[in-house]
Amino acid sequence: MLPFEVLRLTLPGAAGPVRSATFSPDGTRLVTVHERTVQVWEAQTGLRLATLTGHTDRLYSVAFSPDSARLVTASADGTARDWDVQQGTLLATLRHPDPVYTAAFSPDGTRIVTVSEDGTVRVWDAQQGLIPLVTLIGRTGPVVQAAFSPDGTRLVTASADGTARLWDARQHSRLTTLTSHTGNIGAVAFSPDGTRLVTAGRNRTGEVWEAQTGLRLTTLTGHTDTVRAVAFSPDGTRLVTASADRTARLWDAQQGTTLLVLTGHRGSVYAVAFSPDGTRLVTASADGTARLWDVQTGTSLLALTGHTDPVYSVAFSPDGTRLVTASGDRTAQVWDAQTGTSLATLLGHTGPVYAVAFSPDGTRLVTASGNRTAQVWDVHLETRSPAEIAALVRCHVPWRLGVGVLLEATPDPAACIPSSSTR
């Protein structure tokens, strides 16, 4: 008997694999990213609301506005596109002469930043679009990443030339160039309070910088291969890095000293995440396992085994009680984060599962696969009333409750979940 029941909605894809899937900040919408199109879905019922078409080359990134009303996409066709999520309509096309690798909204939703192969960063008025407010130049190579600080006052951009640049996001002026990396910068993150930022990449190091001035605070040295991922703890006092050298390292974010070296994986560590309370962290590896670690002692608390291929993605539920892993073995698994018990194996994809994420309220999760589909899983059916479950069932044929059940979304919204007033 499973600890909870799982209801699955299969979201059929367009041509090509589902490259990623993302919930809106308010949890009501879900987008799946395909080769050149984006599909928008109602997160509760799996109803397809819109297909966003118009890009003529591969999509690289997608991001919601903070209010969940808009979406910006970035493509190799030299454009970013701003969309109305509710209507599925194109609001503006933001043009570069070369591929656009990243597009993102500022934290207040008033601006959009785009970065491109052409070596420029452009900041756009999110209401006007069409003409950039400013074009920031100073690169000797393609700009591949951009991130706003939590308060929106700073912008960091990272380039294939091994440099990052820190900008005053309000004055649109460059504060400093962050140099020290000798290869591509693959990871950038601000601390939760926005006072520091970290960059990491192919030169096997991480660098911690003061976000107001760009002063380098410390260098994180010790890895012997590419640093693939980096994350701050929820309180910002610690950092974790994941590397192709088969280890993760925990660092004092102020001093840059190594607190713990987390060893045990037999393959590259692809992903890492802190628990919401910051007391534990989880790593995902090419060896087909995920491991849960005690942040204070470095003890390996749990080894989550059961996948037969690399684990590409891992995430905690918002309340920290569950973990979900996504694997090349075509499955995702849900785990009890305290005991390591496998709660469910999510079957149905016919290709590798590359990404997984919980909804903001933790009641649903989405998996994205190379088999051209995404699937939404309801992992809290026990919280629903009998009427809600019955309404969910009416939305899908064929159906039954349990693990590994294929539920195809119906186009009839009248059959679907009742409003809260009917609970």
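The values are calculated or read from the model by the stated rules, or taken from the named source; none is laboratory data. For clarity, every value in this text was computed on a predicted model and none was experimentally measured. Note that each Cβ is placed from the backbone with ideal geometry, even for glycine, and that neighbours are counted across all protein chains shown.
Summary of computed values
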read-out: Hey, PRO150 touching a residue at least 40 places away in the same chain (Cβ under 8 Å) and surrounded by fewer than 17 Cβ atoms within 10 Å (Cβ to Cβ) or not; value: yes
read-out: Selected residue (only one of THR247, THR283 is β-branched (Val, Ile, Thr), modelled with pLDDT of 95 or more and closer than 22 Å to HIS181 by Cβ); value: THR247
read-out: Region 92-116 - residue that is in a loop (DSSP other than H, G, I, E, B) and among the charged types (D, E, K, R) and, of those, nearest to the chain's Cα centre (by Cα); value: ASP108
read-out: Selection within region 76-91 - part of a strand (DSSP E or B), surrounded by fewer than 17 Cβ atoms within 10 Å (Cβ to Cβ) and of a type in the set (S, T, N, Q); value: THR89
read-out: Residues being among the hydroxyl-bearing types (Ser, Thr, Tyr), surrounded by 15 or more Cβ atoms within 10 Å (Cβ to Cβ) and assigned to a loop (DSSP other than H, G, I, E, B) - total across region 245-273; value: 2
read-out: Qualifying residue in region 34-48 (condition: farther than 19 Å from PHE358 by Cα, assigned to a loop (DSSP other than H, G, I, E, B) and in contact (Cβ under 8 Å) with a residue 60 or more places away in the chain); value: yes
read-out: Residues of region 162-209 that turn out to be closer than 21 Å to ARG249 by Cα and free of Cβ contacts under 8 Å to residues at least 60 places away in the same chain, as a count; value: 26
read-out: Residue satisfying condition, being in a strand (DSSP E or B), within 30 Å of TRP377 (Cβ to Cβ) and in contact with a Lys or Arg (Cβ under 6 Å, 6 or more places away or on another chain), within set THR51, THR73; value: THR73
read-out: Residue within region 281-291 that is small (Gly, Ala, Ser), in contact (Cβ under 8 Å) with a residue 60 or more places away in the chain, within 22 Å of PHE232 (Cβ to Cβ) and surrounded by 20 or more Cβ atoms within 10 Å (Cβ to Cβ) present; value: no
read-out: Of residues in region 22-35 being farther than 16 Å from THR45 by Cα and modelled with pLDDT under 90, the one surrounded by the most Cβ atoms within 10 Å (Cβ to Cβ); value: VAL33
read-out: Only one of VAL188, VAL123 that is of a type in the set (A, V, I, L, M) and at pLDDT 90 or above; value: VAL123
read-out: Any hit, region 318-330, residues being hydroxyl-bearing (Ser, Thr, Tyr), within 19 Å of the chain's Cα centre (by Cα) and surrounded by 20 or more Cβ atoms within 10 Å (Cβ to Cβ); value: yes
